[in-house]
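Worksheet: one structure, shown below.
The values are calculated or read from the model by the stated rules, or taken from the named source; none is laboratory data. Being a predicted model, the structure only gives us computed values, none of them experimental. FYI the Cβ positions are ideal-geometry reconstructions off the backbone, even for glycines, and counts take in every protein chain you see. What goes into the accessible areas is simple: the full protein's heavy atoms, side chains included, and nothing from ligands, DNA or RNA. Shrake-Rupley method; radii C 1.70, N 1.55, O 1.52, S 1.80 Å.
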Amino acid sequence: MAAKQKTLDDLFLHTLKDIYYAERKILRNLPKMAKAAESQELKQAFEKHREETQGQIERLEQVFELLGKRAQGVTCEAINGILEEGESVMEDFGESEALDAGILAAAQAVEHYEIVRYGTLKTWAQELGMNDAVKLLDQNLQEEKKTDELLTQLAEARVNTKAA
Ligand SMILES: [Fe+2]
Ligand SMILES: [Fe+2]
């Protein structure tokens, strides 16, 4: 007998665990980024996003519940790598004028990772006919997109202040 064929449901659950792990890791990381940032706006952006992230984790827990599964993470090497890179930037550029530029770049890498994961999960939830999950995942997706846009604005404002 061949092993049981894996399905899109399995892949959906695995990826849900991946982003659940990532979000909880990000939740712990955001205060470090807020603390390290020089600009008040950037600090505030991270503090606001920390609160949003807490809500995102709760939405993910609701999606697990819809599946009748226990909320559980699975190690996501991608987010570990992205966050480690961010931490080394904060260490290496701690005293420099490029610090916020480095933190912004690291934070946008995190947002882009989340955007791509939520986009995929939402599409799969649609395919699987899980309409309530689609809504919850879309709420997270929209928050990540807004955060990414805000970070882009802050990065551009930095450049403009420099140029002035
Ligand atoms: Fe998030
Ligand atoms: Fe995010």
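Of everything listed in (1) farther than 17 Å from Thr15 by Cβ; (2) in contact (Cβ under 8 Å) with a residue 60 or more places away in the chain; (3) within 16 Å of ligand 1 (Cβ to nearest atom), the single unmet condition for Lys145 is (2). Exactly one residue among Ala105, Ala125, Ala78 is of a type in the set (A, V, I, L, M), open to solvent by less than 20 Å² (accessible area, probe 1.4 Å) and more than 12 Å from ligand 2 (Cβ to nearest atom), and that residue is Ala125. Hey, does segment 34-41 have a residue that's within 21 Å of Val116 (Cα to Cα) and either of a type in the set (A, V, I, L, M, F, W, C) or not in a loop (DSSP other than H, G, I, E, B) (or both)? So far as segment 34-41 goes, no, none of its residues is within 21 Å of Val116 (Cα to Cα) and either of a type in the set (A, V, I, L, M, F, W, C) or not in a loop (DSSP other than H, G, I, E, B) (or both). Going by what's in this entry, would Glu47 be described as at pLDDT 95 or above, more than 12 Å from ligand 1 (Cβ to nearest atom), open to solvent by 40 Å² or more (accessible area, probe 1.4 Å) and in a helix (DSSP H, G or I)? Against the criterion (at pLDDT 95 or above, more than 12 Å from ligand 1 (Cβ to nearest atom), open to solvent by 40 Å² or more (accessible area, probe 1.4 Å) and in a helix (DSSP H, G or I)), Glu47 qualifies.
For segment 128-146, a residue qualifies if it is within 12 Å of ligand 2 (Cβ to nearest atom) and open to solvent by 20 Å² or more (accessible area, probe 1.4 Å), and the qualifying residues are Gln142, Glu143, Lys145, Lys146.
Only a single item in (1) within 14 Å of ligand 2 (Cβ to nearest atom); (2) surrounded by fewer than 21 Cβ atoms within 10 Å (Cβ to Cβ); (3) under 20 Å from Ala125 (Cα atoms) is not met by Arg24, and it is number (3).
Is segment 63-71 home to any residue that is open to solvent by less than 100 Å² (accessible area, probe 1.4 Å), within 15 Å of Arg117 (Cα to Cα) and out of contact with any Pro (no Cβ under 6 Å at 6 or more places or on another chain)?
Checking segment 63-71: at least one residue is open to solvent by less than 100 Å² (accessible area, probe 1.4 Å), within 15 Å of Arg117 (Cα to Cα) and out of contact with any Pro (no Cβ under 6 Å at 6 or more places or on another chain).
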